[in-house]
Amino acid sequence: MPEALQQTTNAWQIVTHLGSASLLIPTVIITVAGLWQCQQKAAVGLWLLALTLAILICLATKIAFIGWGLGIASLNFTGISGHTLFATAVLPVLFHWLITWRPLRFRFAGAGLGLLLAVAVGVSRVVLGAHSQSEVVSGWLVGLVVSGVAVHALHERLKPPRFALMALAVLMFVFDTTTATYLPTHYYETRLALFLSRHDKPYTRHELMRPAT
C-alpha cells in the first residue's frame with residue numbers, strides 16, 4: 001500500500017475509534033455519574049433508557065443478518081452501524097453537558113460539535129469498508145433520537161464537576177488502537193448470532209448481494 005494511502009487509512013481509523021464501545025462505555029459512565037451529581041436524574045433515566053433501546057435495536061438487526069441472512073440487498077443493508085449509533089447517541093450529550101452552564105448558543109454549539117464528530121465516525125465506517133451508507137445513515141438517525149431526548153431533558157444549568165473532564169481524557173485514547181479496540185464487539189455479536197440461529201457460519205454481505213440464480 002502506498003505510504004500516502006496508508007496514512008489516510010490510519011487517519012480514518014483514528015476517527016472511527018470515536019465510536020468504539022471501549023471508549024464510549026467509560027465515557028457514558030463518567031457522564032452519567034456527573035449528571036447524577038448535578039441532579040439531572042430525569043435526563044439520566046431518559047438517556048439510558050433510549051440508549052439501551054437503541055443498542056438492542058442495533059444488535060437485533062445485526063443478529064438477524066449474521067444468523068439468518070435477513071438484510072436488504074437493494075440498500076446493501078446488513079445491520080445498523082453500531083459505531084455511528086453510539087457516537088451520535090453519546091458525543092452530542094457529552095459536549096452539550098460540559099458547557100451546559102454557559103449561554104444557550106454555546107450549549108448547542110457543543111451538541112453540534114458532537115454531531116459533527118459522529119458524522120465523521122459514520123463517514124469513516126464507509127471509507128474503511130466496515131459499513132454501507134444505508135447502515136451508517138440508519139445508525140446516525142437512531143443515535144440522533146437518543147441524544148436529542150437526552151439534550152432536551154437537560155434542564156439544570158449547573159457547572160459539571162471537575163471529574164467530568166475525565167470523559168475527554170478517555171476519548172484521547174482514540175490514538176491508541178489497542179485500547180480503542182479492547183472490546184471485540186463484532187466477535188461477540190457473531191458468536192451470539194450463531195448460538196441463537198444454530199448455524200455453523202455467519203452470513204456475509206457477499207451472500208446478500210450475490211445475484212439470485
request  = Tell me, please, whether a residue that is touching a residue at least 24 places away in the same chain (Cβ under 8 Å) and touching a Pro at 6+ places or on another chain (Cβ under 8 Å) can be found in segment 191-205.
outcome  = yes
query = Within segment 139-162, is even one residue buried (at least 22 other Cβ atoms within 10 Å of the Cβ), at pLDDT 95 or above and part of a loop (DSSP other than H, G, I, E, B)?
reply = no
Which listed residue, of Ser138, Ser134, Ser147, is touching a strand residue (DSSP E or B) at 6+ places or on another chain (Cβ under 6 Å) and hydroxyl-bearing (Ser, Thr, Tyr) = Ser134
task = Answer yes or no as to whether His186 is without any contact (Cβ under 8 Å) to a residue 40 or more places away in the chain and over 29 Å from Gln7 (Cβ atoms).
result = no
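Tell me, which residue of segment 19-60 that is of a type in the set (S, T, N, Q) and in a helix (DSSP H, G or I) is farthest from Ser81 (Cα to Cα)?
First, the residues of segment 19-60 that are of a type in the set (S, T, N, Q): 20, 22, 27, 31, 37, 39-40, 52.
This time we only want the ones that are in a helix (DSSP H, G or I), so: 22, 27, 31, 37, 52.
Values: Ser22: 16, Thr27: 19, Thr31: 23, Gln37: 32, Thr52: 15 Å.
Filtering first and then ranking leaves Gln37.
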query = Within segment 179-213, how many residues turn out to be open to solvent by 90 Å² or more (accessible area, probe 1.4 Å) and within 18 Å of the chain's Cα centre (by Cα)?
reply = 4
query = Quick one: which of Ala43, Ala54 is open to solvent by less than 20 Å² (accessible area, probe 1.4 Å), touching a His at 6+ places or on another chain (Cβ under 8 Å) and either on the phi < 0 side of the Ramachandran plot or in contact (Cβ under 8 Å) with a residue 60 or more places away in the chain (or both)?
reply = Ala43
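Restricting attention to segment 114-131, which residues are of a type outside the set (Lys, Arg) and in contact with a His (Cβ under 9 Å, 6 or more places away or on another chain)?
Filtering segment 114-131 for residues of a type outside the set (Lys, Arg) gives 114-124, 126-131.
The answer is Gly114, Val121, Gly122, Ser124, Ala130, His131.
The values are calculated or read from the model by the stated rules, or taken from the named source; none is laboratory data. Keep in mind that this is a model prediction, so the values were computed, not measured. Neighbour counts run over all protein chains shown; Cβ positions are idealised from the backbone, glycine included. Surface accessibility is based on the protein's heavy atoms, side chains included, excluding ligands, DNA and RNA. Shrake-Rupley method; radii C 1.70, N 1.55, O 1.52, S 1.80 Å.
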